[in-house]
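Encoded as structure tokens, the structure appears first; notes follow it.
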Amino acid sequence: MILGFSIPAFIALHVAISLVGIVAGILALVAQAKGRFLPGAQAVFLGTTLLTSLTGFLFPFRGFTPAIGVGIVSTLVLIVALVALYGLKLRGRARVVYAVSATAALWLNLFVLVVQSFLKVPLLNAFAPTGTEPPFLAAQGLLLIAMLILGAAIVRQPSVARKAASRAIA
């Protein structure tokens, strides 16, 4: 039992929270790359992604695992994003810091989604049963490239998005 849930129920909750964070993150960051700031989607993205990381620490692991490492990095990246957005209101360099940290947080969530997909979806697992085969590496490489492009597009946006964000979170 974890927080009163059976382990399968807690896994389902954790996955659902993660998927909401991924969808909200894609919506929020793609809109931001186009110069539109969606404060509600940003809040849902950051909140559910942080909750995904935090609930991940509640699983009954023994010792340090790659999942714990990703959770620690994700939590730290999200703290930076939250401070840049809500604390500094994207002023000055905080806009770039937010673009990088929010994009990194989404990438980490998507990275885990790809890992879990190759582990749990039989069709994908057949192509990369150990997670070291070319199809898995290609999927992760394409994801990384897509996220670098998205992050760069957000950084290149003028301060219009920052002004909108400042008004939305003031």
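The values are calculated or read from the model by the stated rules, or taken from the named source; none is laboratory data. Since we're looking at a predicted model, the values are computed, not measured. Glycine also receives a Cβ, built like all others from the backbone with ideal geometry; neighbour counts cover every protein chain displayed. Keep in mind that these areas ignore ligands, DNA and RNA; they rest on the heavy atoms of the full protein, side chains included. Shrake-Rupley method; radii C 1.70, N 1.55, O 1.52, S 1.80 Å.
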Per DSSP helix of 4 or more residues, -39500 (n - 2.57); summed, then divided by the residues of the chain. What does that give at 222 nm, rounded to the nearest 500?
-25500 deg cm²/dmol
Considering only protein heavy atoms, what per residue accessible area in square angstrom results for the range 1-86 with a 1.4 angstrom probe?
51
Excluding LEU29 itself, what net charge comes from residues whose Cβ is under 14 Å from its Cβ, given Lys and Arg +1 and Asp and Glu -1?
+4
Leaving ligands, DNA and RNA out of it, report the carbon-plus-sulfur percent of the accessible area of the chain at a 1.4 Å probe.
77
In what sequence, largest accessible area first, do TYR86, TYR98 appear using a 1.4 Å probe?
TYR86, TYR98
To test your reading of the geometry: what angle, between 0 and 90 degrees and rounded to tens, separates the Cα axis of helix 160-169 from the longest principal axis of the chain?
80
Inter-probe distance in nm under a simple model that places probes 7 Å from Cα toward Cβ, at TYR86 and ALA126:
4.6
For VAL23 and ARG93, what is the calculated FRET efficiency with R₀ set at 35 Å and r taken between the beta-carbons, to the nearest 0.05?
0.75
Can you give me the Cα centroid spacing of the range 126-143 and the range 28-92 in angstrom?
25
Assuming 0.36 nm per residue, please report the length gained on full extension of the stretch ILE2 to VAL30 beyond their Cα-Cα distance.
6.6 nm
Sorting PHE45, PHE57, PHE127, PHE111 by accessible area (1.4 Å probe), largest first, what list results?
PHE127, PHE57, PHE111, PHE45
Other residues with Cβ under 14 Å from the Cβ of VAL100 give, with Lys and Arg +1 and Asp and Glu -1, a net charge of +3
Tell me the angle of helix 7-33 to the major Cα principal axis of the chain, expressed in degrees between 0 and 90 and rounded to the nearest ten.
30
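Can you sort SER101, SER117 by solvent-accessible area, 1.4 Å probe, largest first?
SER117, SER101
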